[in-house]
Structure formats: structure tokens, C-alpha cells
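Participant: Provided herewith is a single structure, encoded as C-alpha cells, for subsequent inquiry.
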Amino acid sequence: MMKVTLPALLGGSIAIIIIFIFVFYLAEIGVSTPSRSYATDSLDNEIQEPATFLVSNLSSNDNNGSSAISANTTMTILSPNSSTVVYETETFIAPPTLKTFVIYMANEFHENWPEESHKHITNKNAYAIPTNLTVSNGTSIAFHMADAPWDTPHDYIVRVIDVHTNETATQTPLLSYPKLNRGPSNSGTTVLPIGEYRVEAYLHGTDKVETKPITIRVTDTPANQSSDITAGFFYSPQRPVANPYDNDGQLHQGHLEYYRQQFSIHGLKIESIHSFHFASCSFYDKGKSSVCIDDGVSPGELYWHDNKTSDHVLIFWSSTRPYSQIAAALDELTWENVYT
């Protein structure tokens, strides 16, 4: 009768266990072949971008308990400092991954340049954000009206002119501030042919506004036709203002922290934020010239009364929602702005 010592028995058992683990590992490798991964949004609609780009948590609920579309649905393909770059250079080169870019027509769009520059939120991108836009062939553009109408409504027709032929490439309907029932505040989307263009605005559809030059360039780089990403810019005060009411007594709650929440609720993701200070020669109801003199105090540090504050932010946002929903969201967000 063969005798087996305890150490030998244990050694054999350990060897068998090791072999079993090794075989199991090989089997797992065999069935776990590498495959390309794609990210999906909260509605299980596939976003056709590799999941190697980061996507934020998409779970969210509205007040009715139903699933809400989160703002964090776009891939991290947009520059994290786009707001700063655009503010400093007044130029934005849209990546080919953008389906649509929304040109934001800022507050006091009707004021002439440079005589009334003190009435603007800033002297950079004062009329449209950005002042100089470059998009890929196939990327559509749209215009959003954000010139506050208090006391006197300001409606515009925007024309995009081919700089080589001097012909109108596209023209918007008469655009009006949101919720006035005077006309749309968003132009709808259009794709321009490859070329160079200038943008002109006509107050009430007839009176040309003397703005800083606004240009659009369409390159021959093809846009990604499978993309569903829309992007644009937005102005806001940095903090709550002392007087959040307009000249008609309507309350407007907009400031940076308010918009951090509201952009997400409306399905827009904030990509980047740039804070800036602008104040220039405001003498509301005072019989003085536009020379920067602040009653003997600090020159140039007063701000136009309609802008409520001289501390602002430029927000860069993106979204994968349909444009009609983005346009409706921008109406709500613009209405709540306190720039009046």
C-alpha cells in the first residue's frame, strides 16, 4: 500500500488549483475578444463617437419623475478654454464634428459702433459671438436674437453676403426677442457654400446697423455628416444683480450659478466659461459727453445701466438635442437674462 505524505498531498492539490485557474483564464480570453466601444445616451440612442472620449453621467429626472435628457451628452472634443480664446481673439474655428453652430446676437445689437460702444456688454464680440467664425463644409449655422427690447422692441433681418459677388447668400426672417410674439427669435439652420461672407443686420428690416465687421468663412474641410452636436456662446452676469427687473417690471433671474443649473435642465452642456470685466463711459440721464469721466472718481469704471453690472461671463455650450428643442431652450435662457 502506497503512502502519501501530507506535504505531498497539499502540493498536488495546489498544482491542480493553479492549472484550473490558468485554463479558466485562457477560456475567458477566448470569449472576450476586443471590440470597438460606443457611448450611448440616457435614451439608448447610440452616439457615433468612440467611447474613448469621456461622457458624463446622464441620469436625471424632472419634476414629474420622468427621465430627462441630460446636458452631458456630447463627447469631450471641444476645447476646454474655448470661451477664453474666443473672447480674447473674437475668432472661433468650429471643429468638423459640429453639425450646427448658433451665432448669438448679443444685447444692444442695434447700437452703432464705436460711438455707442459703452452700451455693450463688452467691446469684444460686441454684436455677434464670435465676430469671426470659420466652419467646415456642411456645418450649418443659425442666428439667435438676444437684443433686449425694453422700451422699444428691436427686430432684425440678418443677411449673409458673399464678399466676392456681393450677393445675398441667405437671409433670416424678421427676428425678435423671445416671448414677444412678434416673430421668431431663432432663424433656423442653413448650410452655406464654401466661401467668405460678411454679416449685415437691418433694424426693423430696413435700417442697416453699423456694427464691427462680422465674418463667416466656410472651408473645404468636410463636416462629419453623422454628427449631432450643436454649439454656441452665451453672455451672463457673474453674480446676481441688485435690480433683476426690466423696465417693464418683469423679473429676470439669470446669472452664472442660475445658468449652471438651467443649461443642464434644458439639455445644454456648459463646455467652458470665461469671466471678464467691462465698463465704459456710462452717463445715464446725465448731460455729459461720452468721455470717460466718472464724476471725478475713477475714469471709465461706470457701466451702462441696462447691463446691470460690469462683471460678466462668456459661456460656451454644446448639445446633441434636435435644433428645435435647442432653439426653445435658448428662448427660455435668454428671457431670464438680466441684460435689458
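Where a number appears in this text, it was derived from the coordinates with a stated rule and is not lab data. The structure displayed is predicted, hence computed values, not measured ones. Quick reminder, even Gly has a Cβ in these numbers, built from the backbone with ideal geometry, and neighbours come from all protein chains shown.
Participant: For residue 198 and residue 165 in the same chain, what is the full-extension length gain: residue separation times 0.36 nm, less their Cα-Cα distance, in nm?
Facilitator: Length gained, residue 198 through residue 165: 10.7 nm.
Participant: For the stretch 322-332, take each phi angle, set θ = phi - 60°, evaluate the Karplus expression 6.51 cos²θ - 1.76 cosθ + 1.60, and give the result in whole Hz per residue in order, putting x for glycine and proline.
Facilitator: Result, ordered by residue: x, 4, 4, 6, 5, 4, 5, 5, 4, 4, 5 Hz.
Participant: Can you check how the C-alpha radius of gyration of the stretch 126-213 compares to 2.2 N^0.38 Å, as a plain ratio?
Facilitator: 1.09
Participant: OK, next. What is the distance, in nm, between label points placed 7 Å from the Cα along the Cα-to-Cβ direction at residue 206 and at residue 220?
Facilitator: The two pseudo-label positions are separated by 4.4 nm.
Participant: Given a Förster radius of 30 Å and the C-beta distance between residue 88 and residue 181 as r, what FRET efficiency does 1/(1 + (r/R0)^6) yield to the nearest 0.05?
Facilitator: My answer for the efficiency is 0.20.
Participant: What number results when the radius of gyration of the stretch 76-145, computed over Cα atoms, is divided by 2.2 N^0.38 Å?
Facilitator: Its radius of gyration relative to the 2.2 N^0.38 Å reference: 1.19.
Participant: Counting only residues 5 or more places away or on other chains, whose amide H sits under 5 Å from the amide H of residue 98 once H atoms are built in the peptide plane?
Facilitator: 224
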